[in-house]
Amino acid sequence: MTLPNFLVIGAQRAGTTLLHTLLEAHPEVYVPKRRKEVHYFDWYYGRGPEWYESFFPSGDEATQYRAIGEVTPDYLFTPDVAQRIHTVLPQCRLIVSLRNPTTRAYSWYLYARRSFNERRSFETYIEQEPDVLRRGCYHSQLMAYLDYFPKTQLCILIYEEMIRQPERDLERIAGFLGLAAAWNDIPALFGQRLNSSEQPYLATAFALARQLGTILRHHDQDWLVESAKRLGLTGLFGKRHLADQMTAEMRCRLARFYAEDVRRLEDLLERDLSLWTPGPATPPATLQQNAG
């Protein structure tokens, strides 16, 4: 049986799509080609380890890789997942990417607008969908993992630092996963626009198409979804840029909401996170670029 020796567990909308792209590009790393997010430990745990194993290479193919893993950013936030991972993969190495929680919340809102045809204002959205803000309370989420795993099994990255100094964090990831080779063409990998802020013109149709894709994946019909992507069917919905952005007042309000959790996180990580203090509002395109 071949199971992962590492997982990228989150956070959602904090650069996990970028991490998946980086890991997929490394010759010594295997991540599933069938789907980006497997969701075994949160959605499909009842399907058993054989189903999970089907996403990973076995035998001679597995020996080609130093690191075999997957990227599911919901693992960090979802209750009981830490215990499940420890039960199945007690020696697993865990990579976490954290992002300014205020920016992360707004990034998720833009994603909901693009992917699910969300029409509420940002303020109404976070009031009616409280988990959007709770996902940015990283301290308690990390503590749930530290109940089961030693700190040495966690590699915690700060998204804003990673995009400013990619070579440093890639070196950390390589050492953490035991990789011998370096990445090729790092500027090109970091220059890709991932999960952009563009919204489809046919928003309702696009949202329905995404729901259909989710249903197909739930029934393990990934090949249909991937075939549609390769054929460029998503381009049929058109695209336009999202014009509005988070107000400075809302940015400061959310910063106050997260202040105590960030302080506890600084103590836990023994590092300064003042780069998350409020600054000038950032345009949507910048908020979304290279975040996943």
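Pairs, please: C-beta under 8 Å, at least 6 apart or cross-chain, first residue modelled with pLDDT of 95 or more and in the range 132-156, second assigned to a helix (DSSP H, G or I) and of a type in the set (Lys, Arg)?
Short answer, once both residue conditions are applied: Arg135/Arg104; Gly136/Arg104; His139/Arg264; Cys155/Arg172.
Enumerate the pairs (first residue in the range 26-46 and at positive phi; second residue anywhere and part of a loop (DSSP other than H, G, I, E, B)) with beta-carbon separation below 6 Å, excluding pairs fewer than 6 apart on the same chain, so at least 6 apart or on different chains.
His39/Thr72
Does Glu37 meet the test of being among the acidic types (Asp, Glu) and part of a helix (DSSP H, G or I)?
no
Every residue, every condition in (1) modelled with pLDDT under 95; (2) among the charged types (D, E, K, R); (3) closer than 25 Å to Tyr40 by Cα, yes or no:
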| position | (1), (2), (3) |
| --- | --- |
| Tyr75 | no, no, yes |
| Cys92 | no, no, yes |
| Leu98 | no, no, yes |
| Ala112 | yes, no, yes |
| Glu118 | yes, yes, no |
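I'm told Glu123 meets every condition in (1) under 20 Å from the mean Cα position of the chain (by Cα); (2) surrounded by fewer than 21 Cβ atoms within 10 Å (Cβ to Cβ); (3) not hydrophobic (A, V, I, L, M, F, W, C) except one. Can you identify the failing condition by its number?
(1)
Just the residues that are small (Gly, Ala, Ser), part of a loop (DSSP other than H, G, I, E, B) and touching a strand residue (DSSP E or B) at 6+ places or on another chain (Cβ under 8 Å), please, taken from the range 56-95.
Answer for the range 56-95, where residues must be small (Gly, Ala, Ser), part of a loop (DSSP other than H, G, I, E, B) and touching a strand residue (DSSP E or B) at 6+ places or on another chain (Cβ under 8 Å): there is none.
Tell me, please, whether a residue that is in contact with a His (Cβ under 7 Å, 6 or more places away or on another chain), surrounded by fewer than 20 Cβ atoms within 10 Å (Cβ to Cβ) and more than 28 Å from Val262 (Cα to Cα) can be found in the range 36-52. So that I can check it myself, show each step before the final result.
From the range 36-52, those in contact with a His (Cβ under 7 Å, 6 or more places away or on another chain) are 36; that's our starting set.
With surrounded by fewer than 20 Cβ atoms within 10 Å (Cβ to Cβ) added as a condition, the list becomes 36.
Remaining after also requiring more than 28 Å from Val262 (Cα to Cα): 36.
Looking through the range 36-52, at least one residue is in contact with a His (Cβ under 7 Å, 6 or more places away or on another chain), surrounded by fewer than 20 Cβ atoms within 10 Å (Cβ to Cβ) and more than 28 Å from Val262 (Cα to Cα).
The values are calculated or read from the model by the stated rules, or taken from the named source; none is laboratory data. Predicted model only: the values in this text are computed from it and were never measured. As a convention, Cβ positions derive from the backbone with ideal geometry for all residues, glycine included, and neighbour counts pool all protein chains shown.
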